[in-house]
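Here is the structure we will look at, set down as structure tokens.
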Ligand code: UD1
């Protein structure tokens, strides 16, 4: 087993957890919104601003919204970590404006005549090191704060927020003896010794992962996750103060055509796919038994469409897992993708990253019952397409 390539650090603070956001659920009482309801809502054309529109998920969201007949304007800052080639002039037929969300006058200008903001813009991933932290906060939190302030000024009362399952940290676990428990971050010594499973904080026994629901406490375990929690809190405060509506979509591990090639900010599916394209074996960290819910990007776009519709009839702040409901281990995903690509089988390296959690698997039930969203693309089918689908440069 090779040494851990990431610098070892200890966390003297232990696990800090926040309770779930205590704001009221979305209600069917949209007239409580204090804003003039500019423009039509359900069943009619909605004027939508998509932020982060040139990104992997943003592009699919714009495509889905336009296909549903909505009028879409777009912006993207073209972050160099996400875009190694110049931004296009348009996304799925919608003209693209290069705007950084910290630029207040530009944001004010682009909000004119907008009914709903679908906010995908974010700096994602674990990043390289702590030097990335200010930029995560600037992009994700300052950017969101500027957007919310300008939405309030412009009387735009509806937002769909791209949040993430990273807000849950380790998710939900059960100890055979102590019932529901929340494991602490895994110790470096355990990880280095190949003990990857999370354990019961009371007795140290192996804890069993369960399906995490939206009311689970928030427990961000890296800087990026902390900025996603802050986005949720900012938007919840905004919804409460304005009487507006926010649907926060907690994406699980998104994959599919158009993922950026491997960068320090890429998700695991893009890294494996890039390796296979170069004729290399996917490198599976830990022992490959870590579980995730891999959800196809077209399903994520469909969830955004469903959420947009919900903002037209309800008010308040509400979070939804966007997940397939059929979790897989990272090792299984790597093996399936390698098979589909006809490439070398994965290598399990035993490496680990301190910001990683062991398992995050989700209950997709709330999105099904309240938004009518159910993932349609199965993992085998999705990976078969992804194995040869183009990546973004
Ligand atoms: C990912 C995204 C995060 C997003 C979240 C939900 C990244 C880096 N992370 O989080 O932005 O909010 O999904 O959509 O984009 N692994 C390997 N080999 C590798 C790289 C990673 O085995 O080469 C393992 C990791 O150790 C981890 C798992 O794969 O156990 C998932 O890693 P990754 O996709 O990077 O991060 P997530 O925490 O799942």
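The values are calculated or read from the model by the stated rules, or taken from the named source; none is laboratory data. Note that the structure is a prediction, hence the values are computed from the model and not measured. Note that each Cβ is placed from the backbone with ideal geometry, even for glycine, and that neighbours are counted across all protein chains shown.
Of all the listed residues (241, 290), the sole one being over 21 Å from the mean Cα position of the chain (by Cα), surrounded by fewer than 23 Cβ atoms within 10 Å (Cβ to Cβ) and either more than 8 Å from the ligand (Cβ to nearest atom) or at pLDDT 95 or above (or both) is 241. Pick from the range 246-287 the residues that are touching a helix residue (DSSP H, G or I) at 6+ places or on another chain (Cβ under 6 Å), modelled with pLDDT of 95 or more and away from the ligand (no atom under 11 Å from the Cβ): which of them is nearest to residue 375 (Cα to Cα)? Only one residue tops the list, namely 256. Only one of the numbered conditions (1) in contact (Cβ under 8 Å) with a residue 24 or more places away in the chain; (2) surrounded by fewer than 20 Cβ atoms within 10 Å (Cβ to Cβ) is not met by residue 278, and that is (1). Between 295, 357, which is within 12 Å of the ligand (Cβ to nearest atom), assigned to a loop (DSSP other than H, G, I, E, B), closer than 14 Å to residue 252 by Cβ and touching a residue at least 12 places away in the same chain (Cβ under 8 Å)? Of 295, 357, the one residue that is within 12 Å of the ligand (Cβ to nearest atom), assigned to a loop (DSSP other than H, G, I, E, B), closer than 14 Å to residue 252 by Cβ and touching a residue at least 12 places away in the same chain (Cβ under 8 Å) is 357.
The set of residues from the range 108-129 being touching a helix residue (DSSP H, G or I) at 6+ places or on another chain (Cβ under 8 Å) and assigned to a loop (DSSP other than H, G, I, E, B) comprises 111, 112, 114, 120, 121, 122, 123, 124, 125, 126, 127.
When each of 64, 54, 94, 82 is tested for being more than 21 Å from the chain's Cα centre (by Cα) and either under 24 Å from residue 299 (Cα atoms) or touching a residue at least 40 places away in the same chain (Cβ under 8 Å) (or both), the lone residue that passes is 94. Taking the range 189-217 as the range and being surrounded by 15 or more Cβ atoms within 10 Å (Cβ to Cβ), within 14 Å of the ligand (Cβ to nearest atom) and not in a helix (DSSP H, G or I) as the test, the residues that pass are 196, 197, 198, 209, 212. Would a scan of the range 144-163 turn up a residue that is within 16 Å of the ligand (Cβ to nearest atom) and within 19 Å of residue 104 (Cβ to Cβ)? Yes, some residue in the range 144-163 is within 16 Å of the ligand (Cβ to nearest atom) and within 19 Å of residue 104 (Cβ to Cβ).
Taken over the range 322-354, residues that are part of a loop (DSSP other than H, G, I, E, B), crowded, with 20+ Cβ neighbours inside 10 Å and more than 9 Å from the ligand (Cβ to nearest atom) amount to 4. Would the range 302-315 turn up any residue that is under 30 Å from residue 47 (Cβ atoms) and part of a strand (DSSP E or B)? Yes.
Remark: pairs (first residue in the range 252-270, free of Cβ contacts under 8 Å to residues at least 40 places away in the same chain; second residue within 8 Å of the ligand (Cβ to nearest atom) and outside any loop (DSSP other than H, G, I, E, B); Cβ separation under 7 Å; 6+ apart in sequence or on different chains) = 262/270; 262/271.
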